[in-house]
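Visitor: One structure follows; several queries about it will come next.
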Amino acid sequence: MAAWQQFEVDRKQLDRTRLLQAELPPLPSGHVRMRIDRFALTANNLTYALTGDLLGYWNFFPSTDTSWGRVPAMGWAELIESDNPDLPPGGRYYGWFPMATHVDIQAVASAEGCRDDGPHRAPHAPIYRSYTLTQRDPLYQAGEDNEHRHALLRGLFLTAFLADQALLDASYHGAEQVLVLSASSKTAIAFAECASVHHGLQIVGLSSADKLDFLRHLSCYDSVLSYPDVARFAADTPTLIVDLSGNRELLARLHTHLGPALKYSMAIGRSHHDAADASIGGTVKPQFFFAPTQAKTLLKNWGAERYFAALSEALSRHIDRSAQWLQVELLDQPAALQQAWQDLYQGQIHPARGLIVGLNP
């Protein structure tokens, strides 16, 4: 068995994958080496691949062959070797890692743990370059199951929490109901949980027909509809769209159907990567939501203590609730990861499955 393994996808044909194997090289000067324990595989990872060129995700962990890409994933790792006296071996960190057994990072010490300061990372938001030492982690919940659920849900919940706060700051643009597209995605469920506590908002989930029974058992949606039912949806109530699907054809139909009742349209994810492109008319255009910008705004306006207290309380509640609908499933073989990626690409991962991958023995 090789000492180092790295999963890569073809940047032009995302359902084509490969697994690189090699002996670990000497640690580069000024770097630290992380042994990756576990990472999550969700539809969000596919979104990173789909927007890798647009948003720079391919540059997080560049491949030696630029026609291939290393998809970032959230998880946990141990610092096992260091050429930085400020970062001794032994720490356990939460953050972004490649889908691999190990990663070398040009890290510097930070208040939360360490930060990737490699020149290729300079354009990226600090939230994407940070690694949180468990002992300094204000969001940490002890226990293996909690760690798995944090890997699966924490980053997605943060996006949902920040999106909800951004809309709340705008009084939800006067909307009385919110349509959540791709309602069975983990980010959508997290958003619906956050939004459902606001008095006067009806949260409506849109999904494929085969997922409606799953969604009806969740407490965060007031009602759920299948995509073909969009034409029957009442268009006389001030409405806001939160789109996790990236299905512009569906979005165009909704914009036309809602007409003047549509007050705002927020685009977050792209779970329907194979949907046809379409022109979206009307005066309301989809607005892309970039979570790091909102995080920076909240930290400035609230201060770190209030920000992390609110986030910790909401995330802990979400993690606890997830036990009612999310079953953690461990994958520990490269072939299982490759098959899971194919299933993810084909949209065949049921929302109740939470895939956690560990390539180290």
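Visitor: Sort 106-118, 207-219 by the packing proxy (mean of other Cβ within 10 Å over each peptide's residues), most packed first.
Guide: Highest mean packing first, the order is 106-118, 207-219.
Visitor: Another one. What accessible area per residue comes out for the chain, rounded to a whole number of Å², with a 1.4 Å probe?
Guide: Details: 15650 Å² over 361 residues.
On a per-residue basis, 43 Å².
Visitor: With θ taken as phi - 60° and the coefficients 6.51, -1.76 and 1.60, list the Karplus ³J(HN,Hα) couplings across segment 307-317 in order, rounded to whole Hz; mark glycine and proline as x.
Guide: Result, rounded to whole Hz: 4, 6, 5, 5, 5, 4, 5, 5, 5, 4, 5.
Visitor: Could you work out how far apart the two model spin labels at Ala323 and Ala125 are, taking each label as a point 7 Å from the Cα in the direction of the beta carbon, and quote it in nm?
Guide: Modelled inter-label distance: 3.1 nm.
Visitor: When DSSP assigns beta bridges and you keep just the ones with both residues in the chain, what percent turn out antiparallel, to the nearest 5?
Guide: Bridges in the chain that DSSP calls antiparallel: roughly 60 percent.
Visitor: Could you please state how large a percent of the accessible area of the chain is carbon and sulfur, counting protein chains only and using a 1.4 Å probe?
Guide: Carbon plus sulfur share of accessible area: 49 percent.
Visitor: If you don't mind, there's one more thing I want to ask. With +1 assigned to the C-beta of every Lys and Arg and -1 to the C-beta of every Asp and Glu, and no other charges, what is the dipole magnitude of segment 190-331 about the Cα centre in debye, to the nearest 20?
Guide: Its charge dipole is roughly 440 debye.
Visitor: Suppose accessible area is computed on protein heavy atoms with a 1.4 Å probe; arrange Thr51, Thr64 from highest to lowest.
Guide: On the way: Thr51 15, Thr64 130 Å².
So, going from the largest accessible area down, we get Thr64, Thr51.
Visitor: What shape does segment 223-361 take by its C-alpha gyration tensor, where a ≥ b ≥ c are the square roots of the eigenvalues and a/c under 1.5 counts as rounded, a/b above b/c as prolate, and the rest as oblate?
Guide: oblate
Visitor: Note the angle between two axes, namely the Cα long axis of helix 291-302 and the longest principal axis of the Cα atoms of the chain, as a number of degrees from 0 to 90, rounded to the nearest 10.
Guide: So the inclination is approximately 90 degrees.
Visitor: Follow-up question, since we're still on this one. In Å and from the alpha-carbon atoms only, list the Rg and Dmax of segment 19-89.
Guide: Cα-based Rg and Dmax for segment 19-89 come out at 14.1, 38 Å.
The values are calculated or read from the model by the stated rules, or taken from the named source; none is laboratory data. Keep in mind the model is a prediction, meaning the values are calculated, not measured. Every residue, glycine among them, receives a Cβ derived from its backbone with ideal geometry; neighbour counts consider all protein chains shown. The protein model used for the area step is the full one, side chains on, heavy atoms only, and it has no ligands, DNA or RNA in it. Shrake-Rupley method; radii C 1.70, N 1.55, O 1.52, S 1.80 Å.
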